[in-house]
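Enquirer: I have a structure here, written as structure tokens, and I will follow up with some questions on it.
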Amino acid sequence: MLVEAGHFALALALGLSLIQFVVPLWGARANDPVLMSVAPTTALAVLACVGFAFLTLTYAYISSDFSVLNVVENSHSAKPLIYKISGVWGNHEGSMLLWVLILCLFGGVVALAKNTVPMRLQANTLAVQAAITVAFLLFILMTSNPFRRLVPAAAEGQDLNPLLQDPGLAIHPPLLYVGYVGFSISFAFACAALIDGRIDAVWARIVRPWTLAAWCFLTLGIAMGSYWAYYELGWGGWWFWDPVENASLMPWLAGTALVHSTVVMEKRDALKVWTILLAILTFSLSLLGTFLVRSGVLTSVHSFAVDPERGTFILGILVIFIGGSLALFAWRAPLLQQGGLFAPISREGALVVNNLFLASACATVFIGTLYPLALEVLTGDKISVGAPFFNATFLPLIVPLLLLLPLGQTLAWKRGNLLGTVQRLYAVFGASILVVLAVLAFTYGGPVLAPFGIGLGVYLVLGSFNEIVTRSWTRGKPLSVAWIKARGLPRSTWGTVFAHAGVGLVVLGISATAWDVESLGTMKPGDRIGAGPYQLRLERIVPRQEANYREDAALFRVDRNGRELGTVESMKRLYVTRGMPTTEAGILTFGLSQVYVSLGEMQPNGSVGVRLYYKPLVLLIWLGAVVMAFGGALSLTDRRLRIAAPARNRAAPPIAPVPAE
């Protein structure tokens, strides 16, 4: 009965979402506070219903209820508890339920934000959010019901995809979904503003924290997915330009542009039309990613579903929400008033250039990802667009953006002095050039462009913290005074510094991959293989039997200059229920560098294929992403992003009124 109760809760949530969609919109149009107040109440009720349904499905997994088809297809009684729980979203139906739960969670938080969001804007926003919820609840109930019974009940489950039985995959999807779905709030706020005809700096202040929070989670989700692919798939790479990876990168690029655009709108009441368009496009790209993963048009390790019926349904959702929001934008945008002005050489101008580069980079990823699909549909021809295309189109747009980043961060608001800004960065330029020369000398005969990448990373890190130095330190003043001034700077300033420095760390880590060393060999116990300064000796191969798999574990001793540094273990597993083999890479970390060992097939003579990598500074790639997200989170704690909109602004008439038709 509990499973049926969860199914009923989803149906009840659908009915409540329809009320949340219709009544507040009507109330906002009639300017009726009673009808508008229905929005927060119903949003919380919908959250309660969907939350109950999700907990019900989770209980079915934990208790191994094999009368539920979804549990049978994705679980097993011998599976560890953590993977029983992560199995809830390790499949199409459960992941869509998690998607809707996060959607409702964001709506619930907006419903509780009574003092920070004006009633009319809140009502319209929650109504738009409810429309999205209605669409996805219909999708679940009609095509992807996770509570479908199996009669008679199965004696045992079919187990979860072995690639997903990993701690990284227990964390990666929730983080990614919070990022994806979090942009739905920015989208809903944008549509609500277009409906009401009110778009101003107060709106930007309200929207910016939601956008920044979604961006932080999406950054962490992409980084976690990258690290999972790095250690779980046994390829030793951190990014493969897989179409589903690109599907998460596109909303991240657009979301990064949106975060910066809201800053300009808040500071100067400018870029209104562009900010609204970015909010629509960012969530539209999130929906596109959902379609790519679940429609069956792509074959990827990340893909969930291959049912054309589901793909058609999601395509319909895309047409309705993307087409509808763009139509609303085309109707309302020309009627918006212009905002404040600023000089081209200013921080606002630099942020506009930033937006142009990010939007262009996003467009190249979009074209490279979707062009092969469109070509196949139109002509039947199949082509592959991989790293060469993206490296040739994406990097030329990103590198100039990174070069301009410290300059734009140092420029003054409204009107800047380019010469003075360059002078304040002299030390940064000098240090970066010295680093490039030192790396070129130290690695003479090696990669030519990589030292310049190292210099660019150092330039970004030093250039980011240079703003703190220039704003807090004056020549001749003691450092104690500078420290006090630095501590007094707004948290949003420190957050920006850390976020930009995180980008520099990522660039350093990516550039260092040019010095990766790879070795291949077939080894027996006692054999040695080397990569870079490290030597590995195969000690023994041990067979093991675990609860739901068996494995052959190879133990290696790691030496450097004849001195033992530690041991590392790599495994070849076979998950018995599914008959699916996996490779578990062995990783030994030295500071920010790693020795990476991956096993091949076991041979009849007792030998095993071994792939060994030495990866200098590789951890900077993911450490940089964490620092970026930390910077965003630090900015969220700034009091200026948490205070309520002034009462007079909440009560004022729209700044950009739209004449009645």
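Values in this text are rule-based calculations from the coordinates and carry no lab data. Every value quoted in this text rests on a predicted model; they were computed, and no experiment measured them. Every residue, glycine as well, gets a Cβ built from its backbone with ideal geometry; the counts of neighbours run over all protein chains shown.
Enquirer: Could you compute the net charge surrounding Gly368? Neighbours are other residues with a C-beta less than 13 Å from the C-beta of Gly368; K and R count +1, D and E count -1.
Expert: Details: positive: none; negative: Asp242, Glu245.
Computed value for this residue: -2.
Enquirer: List the residues, sorted by chain then number, that are 5 or more residues from Glu539 or on another chain and whose placed amide H is less than 5 Å from its amide H.
Expert: HN-HN under 5 Å from Glu539: Gly526, Leu555, Phe556, Arg557.
Enquirer: What's the FRET efficiency of Leu404 with Ala363 using the Cβ-Cβ distance as r and R₀ = 22 Å, to the nearest 0.05?
Expert: 0.75
Enquirer: I've got another one for you. Go ahead and run the numbers for FRET between Gln545 and Tyr444, Cβ-Cβ distance against an R0 of 60 Å, rounding to 0.05.
Expert: Values: r = 52 Å, r/R0 = 0.86.
Working from the Cβ atoms, E equals 0.70.
Enquirer: Would you calculate the separation in nanometres between label points at Met602 and Leu437, each defined as 7 Å from the Cα along the Cα-to-beta-carbon direction?
Expert: 5.7 nm
Enquirer: Continuing with the same structure: What does the charge count near Ser67 come to, summing +1 for each Lys or Arg and -1 for each Asp or Glu among other residues with Cβ under 15 Å from its Cβ? Please report the intermediate quantities before stating the final value.
Expert: On the way: positive: Arg148, Arg149; negative: Glu4, Asp65, Glu73, Glu156.
Result for the local shell: -2.
Enquirer: Under the rule of at least 5 residues apart or a separate chain, name every residue whose amide H is placed under 5 Å from the amide H of Leu565.
Expert: Val558, Asp559, Arg560
Enquirer: Right, next: Which entry is the computed P(r) over Cα pairs in 20 Å bins from 0, in percent for this structure: (1) 17, 47, 31, 5, 0; (2) 16, 38, 23, 14, 6, 2, 0; (3) 16, 44, 31, 8, 0?
Expert: (1)
Enquirer: Given Cα positions, please report Rg to Rh for segment 371-414, the hydrodynamic radius being the Kirkwood one.
Expert: Here Rg/Rh amounts to 1.34.
Enquirer: Would you kindly derive the ³J(HN,Hα) couplings of segment 616-621 from the backbone phi angles with the Karplus curve 6.51 cos²θ - 1.76 cosθ + 1.60 (θ = phi - 60°), listing them in order in whole Hz, with x for Gly and Pro?
Expert: Couplings: x, 6, 5, 5, 4, 4 Hz.
Enquirer: Roughly how many debye, to the nearest 20, is the charge dipole of the chain about its Cα centre, given +1 on each Lys and Arg Cβ, -1 on each Asp and Glu Cβ, and no other charges? Don't skip to the end; give the middle numbers.
Expert: Values: 46 positive and 35 negative charges, 508 e Å.
So the dipole magnitude of the chain works out to roughly 2440 debye.
Enquirer: Here is a further query. Give me the net charge of Leu612's neighbourhood, meaning all other residues with Cβ under 14 Å from the Cβ of Leu612; Lys, Arg count +1, Asp, Glu -1. Before the final figure, lay out each step's value.
Expert: Numbers: positive: Arg528, Arg537, Arg557, Arg560, Arg611, Lys615; negative: Asp516, Glu518, Asp527, Asp559, Glu569.
Taking every other residue near Leu612 into account, the sum is +1.
Enquirer: Per the Kirkwood definition applied to all pairs of different Cα atoms, how many angstroms is the hydrodynamic radius of segment 517-615? Intermediate results must be reported in sequence, preceding the final value.
Expert: Working: mean 1/r = 0.0727 Å⁻¹.
Across segment 517-615, the inverse of the average 1/r is 13.7 Å.
Enquirer: With θ taken as phi - 60° and the coefficients 6.51, -1.76 and 1.60, list the Karplus ³J(HN,Hα) couplings across segment 363-372 in order, rounded to whole Hz; mark glycine and proline as x.
Expert: Here the 3J(HN,Hα) series is 5, 5, 5, 4, 5, x, 7, 8, 4, x Hz.
Enquirer: Taking a ≥ b ≥ c as the square roots of the eigenvalues of the Cα gyration tensor of segment 158-282, is the shape rounded (a/c under 1.5), prolate (a/b larger than b/c) or oblate?
Expert: Details: a/c = 3.16, a/b = 2.52, b/c = 1.25.
It comes out prolate by the Cα gyration axes.
Enquirer: Enter the per residue convex hull volume of segment 1-165, computed from alpha-carbon coordinates, in Å³ rounded to the nearest integer. Don't jump to the answer; show the numbers that get you there.
Expert: Working: hull volume 17.1 nm³, N = 165.
Value for segment 1-165: 103 Å³ per residue.
Enquirer: Another question, then. Pairs of lysines 8 or more apart, or on different chains, with alpha carbons under 17 Å: count those in the chain, would you? Write out the running numbers ahead of the final one.
Expert: Numbers: Lys267/Lys414; Lys272/Lys414; Lys477/Lys485; Lys524/Lys572.
The result is 4.
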